[in-house]
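Report on the structure given below.
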Amino acid sequence: MPFAKWFVGGRLNASYICLDWQIQNGKGDKVAYYWEGEDYVRRVVTYRDLYREVNRLAHALREMGLKRGDRIAIYLPMVPELPIAMLAAARLGVIFTAVFSGFSAKALADRIIDAQAKVLITADGSLRRGKVVQLKSIADEALRSCPNVKKVIVFKRLDGNVNLVEGRDVWWHDVLPKNDVYVEPERMESNEILYLLYTSGTTGKPKAVAHSNGGYMVFVHSTQKWVFDVKESDVYYCTADIGWVTGHSYIVFGPLSHGITSVMYEGALDYPEPDRWWEIVERYGVTIFYTAPTAIRALMRYGEEWPNKHDLSSLRLLGTVGEPINPEAWRWYYRVIGKERCMIVDTWWQTETGGILISPAPNLAQFPLKPGSATFPLPGIDPEVVDEEGNPLPPGNKGFLVIKKPWPGMLLTLFGDDERYKEVYWSRFKGVYYTADSAIKDEEGYYWLLGRSDEVIKVAGHRLGTREVEDAFITHPAVAEAAVVGKPDPVKGEVIAAFVVLKKGQEAGESIIEQLRKHVRTELGPIATPEEIHVVNMLPKTRSGKIMRRLIKAVALGSTVGDISTLEDGASVEEIQRAMEEFRMSMGIRGP
Ligand code: ATP
Ligand code: MG
């Protein structure tokens, strides 16, 4: 550590494992992806289809002069061409960075420049809530500041009515060879880079996480099996966007390395109605369903009638990732979606960890779950909860979560910046990986992940985790979501400012604010009584659905906002400023 290596000298190719090996095992005709566009266009992609397309695209990329170690950027919506592009790059040993298609031109350009990508793969557009997202024009804007990009491949998802730059841009369907070709997969050394992925940027500027070929593939393959207990007959649906690590590991490399069938959906969860996901579960007979707490809370807001319209009896396993899940959302998921039949795997991990580290693992062991706890570390994972000095804390105490031993999915480094890698992950405590999350290990050894360790409010000398206070709000029946931040106070050091989104049909007003203040006081004690409570329509979130407290805090304090490239909707700076103005105005609705 910190530059741990796995399977040194071992050779493999990720696309070979996901495709050639599956076909050799007789899965050529098996469905890899059931794809559904937001406009209900449907495609069925078998393992052989994927294999053919990956080889054809790899051929085209090679013809463009790309070779092992070069970088390309992929800016595609949720279409099968996204995993195809990732696998084609992997086949050539070309390092890819997939950029979430909701990002703005600026965010895309930053990543293209940082990775020094030579080629960009994008699409003419995509559908989101019935509207066209103009991906090609966003890409064009980004490319104005990216002279390193020499070629652009454009996949036609919609009507293809976009501008192609002569000499630079080519249609996907024109550049691929007409007939089947075979591209020999590069034999990658285990510790060479497979891909770069930028973190969500919830706490600051996104970091260019580099993942390996060997350790990473072993880790996602193993965790896919342990946690999701995948079987030949499963229909697996992970609702994440492939632009996030969850999609890389658990829509592309994990499921394909097991030769299982997945569902991929292009659009919004509530389009055209809030039962779109349940319609999909019913249509394809989904057995394993993996989503984020923020989505569960959004669906809770719409009410049970939407899932209840559908036959969800095919489901057998449910999962969550991305944030701590509050027990109320957990119970709703368990009762309304899983009908009290399905186990829930609350999976804790990070972009940097490559795969799941702490989670129930039904394939390995059965034990009682506790709503809100990610339970136990997976095999080979050696976490510890430590105090400010790095000393192990006894059970029941809140502290910093560290990982004491390297694991195969661990990031190799931050691309091009070994120093920053050492500083961010290895300098806070000597010799251990610093997660920057806080946690409690209880008397029975269950881990409770409590959010970012830096998200602490100090009220009159008491340290309160933002998440504890938010959870107290969420247990009130009128509240859908809450975010709290600390505001400086001359007397108390800091006071609590809370922003709450009410459930549909709840009236905002003084009486609810007074009720909430009392509620939180009763739940957590007088020290946690919120000073300010603001009812808002929505909270600023990253595109991965995490609340950006950093931004709320800046708005609440009227200070500068910093890097906002990962803010939801990929809005332009002006749009965000406008949103912030509205947010400030909505703060006018405040309690007595
Ligand atoms: P950045 O590091 O750029 O600020 P980020 O940490 O949000 O962004 P990700 O790697 O996407 O980027 O998210 C990992 C974080 O998400 C974890 O560190 C943790 O805070 C949170 N998280 C993920 N899964 C869980 C879970 N099951 N329970 C609790 N927290 C979780
Ligand atoms: Mg992080």
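Panel order for VAL235, VAL321, by other beta carbons found within 10 Å of each beta carbon, from fewest to most: VAL235, VAL321. Peptides 392-405, 291-304, 9-22 ordered by packing proxy, namely the average of other Cβ atoms within 10 Å per residue, highest first: 9-22, 291-304, 392-405.
What is the local net charge at ASN55, summed over the other residues whose Cβ is closer than 12 Å to its Cβ (Lys, Arg +1; Asp, Glu -1)?
Values: positive: ARG48, ARG52, ARG56, ARG62, ARG91; negative: ASP20, ASP49, GLU53, ASP180, GLU184.
Summing Lys/Arg as +1 and Asp/Glu as -1 gives 0.
Per residue, the average separation of C-alpha pairs within less than 8 Å and at least 6 apart gives the chain a relative contact order of 13 percent. From the alpha carbon centroid of segment 183-248 to that of segment 364-385 is 21 Å.
Among the trypsin sites (Lys or Arg not before Pro) within segment 408-502, which fall in a DSSP loop and have no more than 13 other Cβ atoms within 10 Å of their own Cβ? Mind showing how you got there, number by number?
Details: sites: ARG420, LYS422, ARG428, LYS430, LYS441, ARG452, LYS458, ARG463, ARG467, LYS492; in loops: ARG428, LYS430, LYS492.
For trypsin sites (Lys or Arg not before Pro) across segment 408-502 that sit outside H, G, I, E and B with at most 13 neighbouring Cβ atoms in 10 Å, the list reads LYS430.
Were the residues from LYS178 through THR522 laid out at 0.36 nm apart, the gain over their Cα-Cα distance would be 117.0 nm. Extension gain for GLU166-SER145 works out to 5.8 nm (0.36 nm per residue, less the C-alpha to C-alpha distance). Quick check: the angle from helix 510-524's long axis to the longest principal axis of the chain, C-alpha only, nearest 10 degrees? Taking the Cα atoms of the chain, the angle to 510-524 is about 90 degrees.
Using R₀ = 41 Å, calculate the FRET efficiency as 1/(1 + (r/R₀)^6) where r is the Cβ-Cβ separation of ARG187 and LYS430; round to 0.05. FRET efficiency, ARG187 to LYS430: 0.65.
Can you give the % of DSSP beta bridges in the chain that are antiparallel, to the nearest 5? Don't skip to the end; give the middle numbers.
On the way: 52 of 91 bridges.
Roughly 55 percent of the beta bridges in the chain run antiparallel, per DSSP.
Model label sites at LEU364 and VAL41, defined 7 Å from Cα along the beta-carbon direction, differ in position by 4.2 nm.
Using alpha carbons only, the radius of gyration of the chain set against its Kirkwood radius gives Rg/Rh = 0.95.
FYI, it's all coordinate maths here, none of it is from the lab. Note that the coordinates shown come from a computational prediction; the quantities given were computed from them, not determined experimentally. Note that we place each Cβ from the backbone using ideal geometry, even for glycine, and neighbour counts take in every protein chain shown.
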